[in-house]
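Worksheet: the structure to be examined is printed underneath.
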Amino acid sequence: MTTTRGSSRGFSRRSVLLGAGAVMATAGCNLVGGGGDDPTDAGSTSGGEGGGLSGEITVALVPDPPGASEFYRAQFDLFQEANPGVTVNIIENPADQQLNALELMFQQGEGPDVMRVQGGAALTRFYDRGWVASLDDLVNDDFTARFPEGSLEPTSSGLHREGKLVSIPLVWGDWGYTHLWLYNTDILAENGYDAPPATWEEMVEMATTITENGGGSVFGTAPVAPQYFIEVVQPFAQKPGVNVTTGEPDLANPNVVAAVEVWRQLQANGVNMPGWESWDGGRPFTEFAAGRLAMYPTATWHVAEVRKLAPDIGMGIAPIPVPESGRLAYAARSAAHQPIWSMSAESANADLALAAMDFLGSVDFYKAYYEEFGSFTASQVAWEDQAQENEDQAGILAVAATDIRTAPNPELLAQGAEAFWADAGGNADLDVKNAYLESIVSNVDYEPLAAAIDTQVEALIVQYEAENADLRSQLTFADWDPLEDYTA
């Protein structure tokens, strides 16, 4: 039986025109390659066809979204049933504690066999420390056929380090890059609106009206994700805030100031739903599903959670509003996939751990995850036909088709700048979130807060330039038009 426990560690290159990006223009097409093999048969859930695997492994994961604890236990029970003699122990850590918990486990010589690494920055850090194993033994035609054609290229997959596959994705490559404006069609109609806001100015007017008419029971909006307004006007890596068209720190850019100012004024005028600043991750969709929040910017996974709570709600899905003067950038696709699952280089049962990784990358697992949570998984064949028949999911695909562009990824392309990115990306003090939240919540100007972060980033660049005189040029992609896909 799969065992589950919480962590006891004390923590409560050039071408990046990605195959995953092609689905944006032709969302209804089957873009999965694999020669003559039927990709729907790719990936046995047995993780080894019962071929003599035995022993015990530990998997350290994050139990999100809601219901994930039960889902993972059930899935690893299936893995064990297909592999008699195998025991999978699960350690669960909250998302904000997972990386610290993993680091402590490895430092104590007790690293898990399989783990959620939670993205590219952490994967790079763990790889550099020798904690992550190569998964190249998994790669064959069968494995490759599970994923969008071309999306496992080492220079652009997001899953490779130094040419080696070291991670497996969970969700569809563009799942995390697709940002939505959710709105309650009934609340908008009751206030005289027949369409969602297309511009910031329209959003402010509509949100203000809804809050004024709501009598303290219904509110126009809440700044759940102000960064989604920022991304439509500024082509930069939000942490550490380097504008990749200039190579300069640019969080205090006037366009970014304007984006934050929208939310600051809404807060100052009492339009935003009170208490949002203390919400946990599930509160926004809970308030929306209850009919108390009319519209808000959000990640894709909220859509399914709303439907679970309110199956009959009038929910509309729209792109993030842009300035009346027009957008200056798009949500930036920096890699084909986001790394999630990795295997320990220190595993005492490497064959079994590798089989578990194969299981987590199987079509059957991806299909089960999609059916449970409504999240598009990394294997499109597991969900694309069903998604087009689902109004909510088709709405997500429609936004993704128009609102994402492939961007240069300095972490993959800037040869020689790796040390800077590892240092800057791992420094929480350089996160723009610190500045925009303080500005909105405390009703203070954003510009000086952002300028202070820019100064710190500039100092860090200068520090690394002492050893790498070409650093600034390595961070700069001057020929890239942020309104177009990067194809250099």
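Working carefully through the options Asn213, Asn184, Asn191, find the one that is among the polar types (S, T, N, Q) and within 23 Å of His302 (Cα to Cα).
Values: Asn213 fails: within 23 Å of His302 (Cα to Cα); Asn191 fails: within 23 Å of His302 (Cα to Cα).
Exactly one residue qualifies, and that residue is Asn184.
Of all the helices (runs of 4 or more DSSP H) wholly in the stretch 67-140, which have at least 3 residues that are surrounded by fewer than 18 Cβ atoms within 10 Å (Cβ to Cβ) and not hydrophobic (A, V, I, L, M, F, W, C)? Let's see the steps before the verdict.
Values: elements: 68-82, 98-107, 120-128.
Helices (runs of 4 or more DSSP H) meeting the threshold: 68-82.
Taking the stretch 317-365, which residues are in contact with a Leu (Cβ under 8 Å, 6 or more places away or on another chain) and among the hydroxyl-bearing types (Ser, Thr, Tyr)?
Tyr330, Ser334, Ser342
Could you identify the single residue in Glu418, Glu389 that is farther than 20 Å from Leu170 by Cβ, acidic (Asp, Glu) and in contact with a helix residue (DSSP H, G or I) (Cβ under 9 Å, 6 or more places away or on another chain)? Don't jump to the end; show me each part of the working.
Values: Glu389 fails: in contact with a helix residue (DSSP H, G or I) (Cβ under 9 Å, 6 or more places away or on another chain).
Just one listed residue meets the conditions, Glu418.
Which of the residues spanning the stretch 339-356 are out of contact with any strand residue (DSSP E or B) (no Cβ under 6 Å at 6 or more places or on another chain) and surrounded by 22 or more Cβ atoms within 10 Å (Cβ to Cβ)?
Correct list: Pro339, Ser344, Leu354, Ala355.
Looking at the stretch 332-359, which of its residues are modelled with pLDDT under 95 and of a type in the set (A, V, I, L, M, F, W, C)?
Correct list: Ala332, Ala335, Ala336.
Quick one: Ala407 ticks every box in (1) small (Gly, Ala, Ser); (2) modelled with pLDDT of 95 or more; (3) closer than 19 Å to Ala225 by Cβ bar one, so which box is it?
Against the list (1) small (Gly, Ala, Ser); (2) modelled with pLDDT of 95 or more; (3) closer than 19 Å to Ala225 by Cβ, Ala407 comes up short only on (2).
For the stretch 300-328, give me each residue that is among the aliphatic types (A, V, I, L, M), modelled with pLDDT of 95 or more and either within 14 Å of Gln393 (Cβ to Cβ) or part of a loop (DSSP other than H, G, I, E, B) (or both). Full working, then the answer.
Residues of the stretch 300-328 that are among the aliphatic types (A, V, I, L, M), as a first pass: 303-304, 306, 309-310, 313, 315, 317-318, 320, 322, 328.
Checking which are modelled with pLDDT of 95 or more leaves us with 303, 306, 309-310, 313, 315, 317-318, 320, 322, 328.
Within the stretch 300-328, Val303, Val306, Ala310, Ile313, Met315, Ile317, Ile320, Leu328 meet the criteria.
Of the residues in the stretch 418-432, how many are out of contact with any Asp or Glu (no Cβ under 8 Å at 6 or more places or on another chain) and surrounded by 14 or more Cβ atoms within 10 Å (Cβ to Cβ)?
Counting residues in the stretch 418-432 that are out of contact with any Asp or Glu (no Cβ under 8 Å at 6 or more places or on another chain) and surrounded by 14 or more Cβ atoms within 10 Å (Cβ to Cβ) gives 8.
Is it true that Gly28 is more than 23 Å from Val117 (Cβ to Cβ), at pLDDT below 50, surrounded by fewer than 17 Cβ atoms within 10 Å (Cβ to Cβ) and within 24 Å of the chain's Cα centre (by Cα)? Lay out the reasoning, then the answer.
Details: more than 23 Å from Val117 (Cβ to Cβ): yes; at pLDDT below 50: yes; surrounded by fewer than 17 Cβ atoms within 10 Å (Cβ to Cβ): yes; within 24 Å of the chain's Cα centre (by Cα): yes.
Criteria met by Gly28.
If I ask for residues that are within 19 Å of Thr211 (Cβ to Cβ) and outside any loop (DSSP other than H, G, I, E, B), which ones from the stretch 286-299 would you list?
Filtering the stretch 286-299 for residues within 19 Å of Thr211 (Cβ to Cβ) gives 286-298.
Hits for the stretch 286-299 are Thr286, Glu287, Phe288, Ala289, Leu293, Met295, Tyr296, Pro297, Thr298.
Tell me which of these Met206 doesn't satisfy, since it passes every other one: (1) farther than 24 Å from Arg283 by Cα; (2) assigned to a helix (DSSP H, G or I).
(1)
Out of Ala422, Ala401, Ala450, which single residue is part of a helix (DSSP H, G or I) and modelled with pLDDT of 95 or more? If you could, list the steps in order and put the result at the bottom.
Details: Ala422 fails: modelled with pLDDT of 95 or more; Ala401 fails: modelled with pLDDT of 95 or more.
On inspection, the qualifying residue turns out to be Ala450.
Filter the stretch 52-64 down to the residues that are buried (at least 19 other Cβ atoms within 10 Å of the Cβ) and not β-branched (Val, Ile, Thr) and list them by number.
Those that are buried (at least 19 other Cβ atoms within 10 Å of the Cβ) and not β-branched (Val, Ile, Thr): Leu53, Ala60, Leu61, Pro63.
The values are calculated or read from the model by the stated rules, or taken from the named source; none is laboratory data. Nothing here was measured: the structure is a model prediction, and the numbers come from that model. All Cβ positions, glycine included, derive from the backbone under ideal geometry; neighbour counts span all protein chains shown.
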